[in-house]
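Contents: one structure, followed by commentary.
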Amino acid sequence: QVQFVESGGGLVQPGGSLRLSCAASGSFFSLYAMAWYRQTPGKQRELVATISSRRITTYADSVKGRFTISRDNTKNTVYLEMNNLEPEDTAVYYCNQEPGRYLDWGQGTQVTVSS
């Protein structure tokens, strides 16, 4: 059973940066498209970015130009580099496979952007 372990969140001031990591267990990681999602209390989980097995990336309009998704298949890990963070980016961030192919969700990592 595949498990996802997210890390790298924290408290950062507006304009700051963070790098999130997501380690995936199980085999065949390199074959699947992966994604980062985020969720705030009372709202539905939101798709932030995706990366295909061939490293083709897509981004939500709200993060385009500020966030970068990448993957290291030798480490079964997907990353989210977040720059120029805004208070609206405050959320719990999760990784999983691409929409429609969800596996069990991990615990997520909290990102708080505040001065």
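The values are calculated or read from the model by the stated rules, or taken from the named source; none is laboratory data. Quantities reported herein were computed from a predicted structural model and do not represent experimental measurements. Glycine also receives a Cβ, built like all others from the backbone with ideal geometry; neighbour counts cover every protein chain displayed. Protein only, heavy atoms only, side chains kept; ligands, DNA and RNA dropped before computing areas. Shrake-Rupley method; radii C 1.70, N 1.55, O 1.52, S 1.80 Å.
Within segment 51-84, how many residues are crowded, with 17+ Cβ neighbours inside 10 Å and within 13 Å of Leu20 (Cα to Cα)?
Residues flagged as crowded, with 17+ Cβ neighbours inside 10 Å and within 13 Å of Leu20 (Cα to Cα) within segment 51-84 amount to 8.
State all residues of segment 87-101 that are surrounded by 13 or more Cβ atoms within 10 Å (Cβ to Cβ) and not aliphatic (A, V, I, L, M); if no residue qualifies, say none.
Asp89, Thr90, Tyr93, Tyr94, Cys95, Asn96, Gln97, Glu98, listed by residue number.
Out of the residues in segment 1-32 that are assigned to a loop (DSSP other than H, G, I, E, B) and among the hydroxyl-bearing types (Ser, Thr, Tyr), state the one that is modelled with the highest pLDDT.
Ranking the qualifying residues of segment 1-32, first place goes to Ser17.
Pairs needed: first member in segment 38-56, among the hydrophobic types (A, V, I, L, M, F, W, C); second member anywhere, at pLDDT below 95; C-beta distance under 8 Å; at least 6 residues apart or different chains.
Listed by first residue and then by second, the contacts come to Leu47/Pro99.
Look through Ser27, Ser17 and report the one residue that is farther than 20 Å from Gly108 by Cα, of a type in the set (S, T, N, Q) and open to solvent by 40 Å² or more (accessible area, probe 1.4 Å).
Matching residue, one of Ser27, Ser17: Ser27.
Does Arg38 satisfy the condition of being among the charged types (D, E, K, R) and part of a strand (DSSP E or B)?
Spelling it out, Arg38 is indeed among the charged types (D, E, K, R) and part of a strand (DSSP E or B).
Output the residues belonging to segment 32-50 that are open to solvent by 90 Å² or more (accessible area, probe 1.4 Å) and either aliphatic (A, V, I, L, M) or touching an Asp or Glu at 6+ places or on another chain (Cβ under 6 Å) (or both).
none
Going by the structure shown, is Ser114 surrounded by fewer than 12 Cβ atoms within 10 Å (Cβ to Cβ), modelled with pLDDT of 95 or more and not charged (D, E, K, R)? Full working, then the answer.
Details: surrounded by fewer than 12 Cβ atoms within 10 Å (Cβ to Cβ): yes; modelled with pLDDT of 95 or more: yes; not charged (D, E, K, R): yes.
So Ser114 passes the test.
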